[in-house]
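The values are calculated or read from the model by the stated rules, or taken from the named source; none is laboratory data. Please read all numbers here as calculations on a predicted model, not as lab measurements. Positions of Cβ are backbone-derived with ideal geometry, glycine not excepted, and every protein chain shown enters the neighbour counts. These area figures cover heavy atoms from the full protein model, side chains too; ligands, DNA and RNA do not enter into them. Shrake-Rupley method; radii C 1.70, N 1.55, O 1.52, S 1.80 Å.
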Amino acid sequence: MTDHTYEQTTLVLGGTGKTGRRIVERLEARGRRVRVGTPSATPPFDWTDEATWPAALDGVGSVYVTYYPDLAIPGAAEAVAAFATLAVARGVPRQVLLSGRGEEGARRGEQALQQSGADWTIVRSAFMAQNFNESFFVEPVRAGEVAFPADQDLTEPFIDADDIADVAVAALTEDGHVGRLYEVTGPRLLTWADAVAEIARAAGRPIRYVPASLEEYASLLIENQVPADYVKMLTGVFTEVLDGRNAHLSDGVQRALGRAPRDFADYARAAAATGVWNGSAAA
Ligand SMILES: NC(=O)c1ccc[n+]([C@@H]2O[C@H](COP(=O)([O-])OP(=O)(O)OC[C@H]3O[C@@H](n4cnc5c(N)ncnc54)[C@H](OP(=O)(O)O)[C@@H]3O)[C@@H](O)[C@H]2O)c1
């Protein structure tokens with residue numbers, strides 16, 4: 001079938017982030033034109049400034065939509081609704097949204113896209129493995145102690161951001177993904193202690209997992225100079241999703257790509273090889 005968007009640019013919102021960066025790399029490797037949508041890009045795209053949206057959409061054929069800081073926060077669904085509607089009105093119906101599992105706010109964000117008239121695909125993701133080497137867990141892992149408000153026996157099917165990017169790129173470049181919701185997870189349920197143990201094994205050094213209460217975790221973040229707004233956002237999201245609702249596998253990677261998702265142990269080995277956890281490389 002004809003790929004009508006082939007000659008047009010894909011706008012990758014959050015194109016420097018954990019999934020966006022990988023999607024930009026994959027699209028460019030396929031010879032696609034890409035525009036990064038972030039506040040410091042040219043033209044800029046800022047979720048908090050609607051005046052930046054029309055220029056970012058100019059000449060675009062499809063969009064990867066990732067909200068910042070989190071699709072579950074108040075106001076996110078309204079922003080996604082406004083953006084998706086504008087994109088459709090400007091002739092850009094093809095939109096692929098990154099969402100999160102088990103979050104009521106994220107569900108509203110998904111509905112906002114579905115009701116906008118867009119040719120939508122939703123990638124509803126588990127907790128990303130890359131939170132350990134590209135995000136808020138980097139420093140705790142380096143320090144040898146990861147505290148988090150997940151009980152000792154709570155499991156999560158951590159997903160590799162490379163798999164999310166592969167699914168999003170398939171949706172953006174191939175037929176057959178419009179109107180599909182892919183709930184994507186890794187292939188294995190791990191406790192947070194299991195995940196930290198895999199990282200310790202790969203990094204070749206002891207790292208402890210310490211279950212914390214939500215209050216202890218918030219205090220720890222504040223002590224570590226994490227901005228209060230970000231602490232509020234993180235603890236808000238974690239209050240909702242760390243009750244066991246996400247402790248099951250989903251088959252979105254298999255359905256979208258016809259292959260199994262990558263295992264956490266492979267992720268940990270590759271991340272450890274970069275030196276990120278021994279303090280010798282930047283996060
Ligand atoms: N992390 C997870 O485990 C997980 C799981 C499921 C779903 N999600 C969803 O993924 C989305 C992004 O999370 P993430 O942690 O993956 O992102 P991330 O890696 O932290 O990347 C954030 C991106 O957003 C850009 N950005 C910052 N401020 C912005 C603004 N005001 N307007 C537009 N873009 C802005 C950043 O640009 P600069 O580089 O210029 O700062 C960067 O490209 C959220 O909506 C979240 O709900 C995350």
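A few notes on this one:
- So Ala247, is it under 20 Å from Asp160 (Cβ atoms) and free of Cβ contacts under 8 Å to residues at least 12 places away in the same chain: no
- Within region 188-213, the set of residues being farther than 18 Å from Glu139 by Cβ and open to solvent by 50 Å² or more (accessible area, probe 1.4 Å) comprises Arg188, Leu189, Asp194, Arg201, Gly204, Pro211.
- In this entry, Gln130 is excluded by the filter for residues that are of a type outside the set (D, E, K, R) and surrounded by fewer than 17 Cβ atoms within 10 Å (Cβ to Cβ).
- Scanning region 10-33 for residues that are open to solvent by 40 Å² or more (accessible area, probe 1.4 Å) and either closer than 22 Å to Pro54 by Cβ or hydrophobic (A, V, I, L, M, F, W, C) (or both) yields Thr16, Ala29, Arg33.
- Any hit, region 71-91, residues being surrounded by fewer than 22 Cβ atoms within 10 Å (Cβ to Cβ), over 19 Å from the mean Cα position of the chain (by Cα) and in a loop (DSSP other than H, G, I, E, B): yes
- Hits in region 33-55 (condition: more than 8 Å from the ligand (Cβ to nearest atom) and within 20 Å of Val169 (Cβ to Cβ)): Arg33, Val34, Arg35
- Odd one out for Ile122 among (1) more than 9 Å from the ligand (Cβ to nearest atom); (2) under 17 Å from Glu240 (Cβ atoms); (3) of a type in the set (Val, Ile, Thr): (2)
- Considering the conditions (1) within 13 Å of the ligand (Cβ to nearest atom); (2) under 28 Å from Gln130 (Cα atoms); (3) among the aliphatic types (A, V, I, L, M), Ala29 is excluded by exactly one of them, (1).
- Flag for Arg259 being surrounded by fewer than 17 Cβ atoms within 10 Å (Cβ to Cβ) and either touching a strand residue (DSSP E or B) at 6+ places or on another chain (Cβ under 8 Å) or in a helix (DSSP H, G or I) (or both): no
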